[in-house]
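A quick write-up on the structure given underneath.
The values are calculated or read from the model by the stated rules, or taken from the named source; none is laboratory data. Here the structure is a predicted model, which is why all the values come from computation and not from measurement. Cβ placement follows ideal geometry from the backbone for every residue including glycine, while neighbour counts extend to all protein chains displayed. Each accessible area value is taken on the protein alone, full model and side chains, heavy atoms only, with ligands, DNA and RNA left out. Shrake-Rupley method; radii C 1.70, N 1.55, O 1.52, S 1.80 Å.
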Amino acid sequence: MDDSEYPLEKTDGQLAESKPGGELRRASHRYLDSSATEAAASPGFDSLLEYWRILFRHRKTLLRFTVGGLLAAIVISLLQTPTYRVRTSLELQGANLQDVKNPSDMSGSYSTPESYVDTQVKLLQSESLIEDVIDKLKLHKLRPTGWRAWTPSVENLIAWLRPSRVPEKEELIRQIQRNLTVRTSGDSRLLEVLYESPDPHGAADFANKLVSDFIELSQEVRWKSAQGTVEWLTGQLDQMKSQLEQSEEKLQDYALDSGLSFASEKENLQEVRLKELQDDLTKAQTDRIANQARLEGAKSKPPDSLPEILEDPTMRAYRQKLSDLRQQHAELSATLTPEHYKVQRVQAQIAELESEMQKERTNVERRIGNEYTAAVRRETLLSKAHGVQEKVVADQTSMTIHYDTLKRDVDSNRRLYETMLLRVKEAGLTAAMRDSNAIIVDHAKPPLLPYSPNVPINSAIGLFGGMFLGFGFLLFRERVDRRIRNPGDAQIYLDLPELGVMPLDEAGFSPSMLDRLHLQHSRASLPPNGASASSAGGCPELATWKRKPSLLAECARTTLTSILLPSQDQEGPRVIVLTSPCPGDGKTTVACNLSIAVAEIGRKVLLIDGDLRRPRLHKVFGVSNDWGLSDVLWSDTPLETVPISHLVRETEVSGLFLMPAGCCGVTPSNLLYSPRMTALLNRLPMEFDMIMIDAPPMIHLADARVLGRIADGVILVIRSGETTTESAQFVCQRFAEDGTRVLGFVLNRWDPKNNPTYGYGKYEYGYDQAHAGK
């Protein structure tokens, strides 16, 4: 593969070729990975999708909870004693207070129909009624039902704690009360009586006997109440009759002694006469006022304008005749002289007619005056008579008040007597009828199937209960567990781009062997001189070289692409430090595979073992560690005079060179702080296209922080299922305080089988055997 195949810069959407041995690594600080920034800017996922991923990831645990809940519900249902429920119903009579007419009706003493119904419910559940049914049916101690079947042995163990033992019959009554339910049916008058028992026939007999005894008790109570009411009302009726007779006699005697007379039971004759005089006086005053108005009008107006004259038929005839004569006189005067006999005769008729009209006017005025005089005289007489009658009525007022008091007493006694007499008759009729306030609507029948336990419903409850309990447990565990497990999780907490995911290498060593290899590599022996790294084909550090079509190799190449592809018109990093929060996170595995991936694209890459305390890269690639980084930093020889071949070791991987840690015993921090480290990193980019430094873990050691300050960037390696969000955030915070640029993070040792939703569950690619061997 030649150099043109390596995409290092992207200009105007096209990948440009990079010149080897170009500018120094200092220029690479302009690099900004826009794609990674966009990925970090939107780390959130849809909540429902995230819940689904949690459920799918822990589906086995959820299935265990679900099956456990189902089995528990089935076992509990099978252990429970079958219980049968019977039902009977009653219809209450007389519960409507507005329709109650019977004084002995039991509902008559209640304020509302609801209180009456509630009372009947309590009576059906009363101890006296239940005890009566127990005695009649000769019931013994009922067999416990449900969970109470487990309680006898427990009760025997704690019996000594009780101050006194409950009698057997009282305990039986309490148990029946627990199994008995009486409820109303909506707004109707129906009462439903429900009873549960392990014996279906016994339950039906008990329910039927309970309602029948309730009806009998109701009849007996009503009959006794009616009998008592009749006896009491009869005694009260005799007293009321005597009081009525005495009050009537007293009223009559007072009326005779006072001389009062009444037109009816409510009207006094003198008061009636006064009222009549008052009415007549009012009419006389009205007539007088009207006649006075007519008289004054006749005096102040011309006579011909009076209504009496205008409406008089005689005057109307006179006026018509006078009009005709005047018309005739005018016609004659037009043709004859005034001395003509015809003219004079007409004039004589006109004069005579005018004289008659004047007499008639005088009569009308005289009649108006006479009518006014008569009206005044009548008003005067009525006024005198009214005054006299008022005095008479006033004299009788005190006697009338006392008479009314006596009369009201008589009326009250009469109403009480009549009401009492009616009640006595009704109570006697009720006592003779012996009716009940309830009737049976449905009789209880023995059920064929038990009411409880309901295995299907209990199983469904157990199934869904276990499912929800498992779901809650998983959510709680996800919230409590702060370890980073899946791709995208760390982006939410770190606000860094996820450069790639390195899956668990199952084709190589087993997880336990990998742990021993990563955590105990300090105790491993150095391979003999001349040993080849090809014998470590199963080592995950060399998977990209030895197993090219593997999932681990492809993920390493994908991660490299995220690192090398810079944003437009910018150059990628040249010196990269790889570190992790804790030991065993797999930073060495990531560093080796990334270095091999860079070498595959034809680039010259140098891998430096920066872990001077526990070096391991020389074992992976099978080279000697007698000279390395610590020796270069400790030496006084100028770096410019040392050939590059003396500084690095060539590996079996083409294009990949290694600088081991060396065997110098000086403190690593002192060596890394030396100016020779900066000078070394200034020279090496002139010889290599990319330099990767495998640094120690970050939390307890400062080596990675020192190397990160003089490198182009740092890549944080996070181990799936082991690294916590707190440790990762601590590392990022330290780098931020140091001003070190963090390129992103790589999730290592992620198991795709636990998360097939990400599309890595069954990775297969079409490599043939020929390509696999190259």
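List, in the order given, every pair from Lys122/Lys425; Lys250/Lys275; Lys136/Lys169; Lys250/Lys391 whose Cα-Cα distance in the structure shown is over 22 Å.
Lys122/Lys425; Lys250/Lys275; Lys250/Lys391
Report, to two decimal places, the Cα Rg of region 623-756 normalised by 2.2 N^0.38 Å (N = number of residues).
Its radius of gyration relative to the 2.2 N^0.38 Å reference: 1.19.
For Gln219 and Glu50, compute 0.36 nm times the residue count separating them, minus their Cα-Cα distance, and round to one decimal in nm.
Going from the current span to full extension adds 53.9 nm.
Ordering Lys753, Lys604, Lys548 by accessible area with a probe of 1.4 Å, largest first, what comes out?
Largest accessible area first, the list is Lys753, Lys604, Lys548.
In region 654-740, carbon and sulfur make up what percent of the accessible area (probe 1.4 Å)?
51 percent
Just to verify a number: what accessible area does Glu114 come out at with the full protein assembly present, 1.4 Å probe, Å² rounded to tens?
120 Å²
Placing unit charges on C-beta atoms (Lys and Arg positive, Asp and Glu negative, everything else neutral), compute the dipole magnitude of region 575-648 about its Cα centre in debye, rounded to 20.
Magnitude of the dipole: close to 280 debye.
Over the Cα atoms of region 603-668, how large are the radius of gyration and the largest Cα-Cα distance (Dmax), in Å?
Cα-based Rg and Dmax for region 603-668 come out at 11.6, 33 Å.
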